[in-house]
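The structure under discussion appears below in the form of structure tokens.
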Amino acid sequence: MGNLVASRRRASGRSLGVTEERALLTRYQRDGDHEARAELVEALLPLVRQIAQSYSGKGEQVEDLIQVGSLGLLKAIERFDLDRGVRLSTFASPTISGEIKRHFRDRTWALRTPRDLQELYAALRQAERDFERSQGRSPTIAELCELTGRDEEAVLDALAAGRNFRTRSIDAPTAGEDLALADRIGSVDPGYDAAEARAVIAACADDLDERQRHILACHYTRGMTQREIAAQIGLSQMHVSRLFRQALETMRAAAT
């Protein structure tokens, strides 16, 4: 994957039309044409770069985030269904973002701990080591308070923070067992497709006004009829029907 992204690093990002995009996806999915996949990756690299830039300033190099996001793009191409009726870019965006978020979750600090707690934790660890060498046992909380000159609440907070600086990989063996947490995970979460669909719908609804959003929400999440919606918001049923149709047309255009 790294070689593929490196070879496509230039920022030209030729935009693909709907017909050309579908033709490339068909070539790859039907014939396994990797040249077609490479063209899709090249066309969508600017999207990957844009999403990666939005996560800059969090301690990771943007180029590294682009590599991670490109992996998400490849996953999106693999999972894309031509019958969805949406553009590849719309479908790929949440997958790219998810891959970058997963990178931060697995590779960086789990908690943003205040500096004073970090410094106190380091002082406590040194005090523990010194006490164990001189006394042959671990110090109590009261003794740690005395050694550091801090109250019990601050000491307990620092010790708790120190135990949670980093997340634990789900691939790490469970204590006393050979199985990792990942080995205990069952089938794919049945809510994945629903979450993916919500992400696509949210992206397509950006151009709707508040009233159109409300009408769609009433119909699709509350099961209200157009007549009931019209009575609720004080419009005629014909007006509600027109707004409903316009909202769907706007979303359909955004998806294509």
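Laboratory data are not the source of any read-out in this text; all were calculated from the coordinates shown. Worth saying up front: this structure is predicted, and the values here are computed from it rather than measured. Cβ placement follows ideal geometry from the backbone for every residue including glycine, while neighbour counts extend to all protein chains displayed.
Between Asp209 and Thr19, how high is the FRET efficiency from 1/(1 + (r/R0)^6) when r is the Cβ-Cβ distance and R₀ = 25 Å? Nearest 0.05.
Efficiency at R0 = 25 Å is approximately 0.20.
Using the Karplus curve 6.51 cos²θ - 1.76 cosθ + 1.60 with θ = phi - 60°, what ³J(HN,Hα) values do you get for each residue of the range 152-159, in whole Hz, with x for Gly and Pro?
4, 4, 5, 5, 5, 4, 5, 5
Rounded to whole Hz and in sequence order, give me ³J(HN,Hα) for the range 218-230 from the Karplus expression 6.51 cos²θ - 1.76 cosθ + 1.60, θ = phi - 60°, writing x for Gly and Pro.
4, 6, 8, 9, 10, x, 7, 7, 4, 5, 5, 5, 4
Could you give the length gained by full extension between Arg198 and Ser56, i.e. 0.36 nm per residue of separation minus their alpha carbon distance, to one decimal place?
48.6 nm
According to a simple spin-label model (label point 7 Å from Cα along Cα-to-Cβ), what is the distance in nm between Gln246 and Leu82?
Modelled inter-label distance: 3.6 nm.
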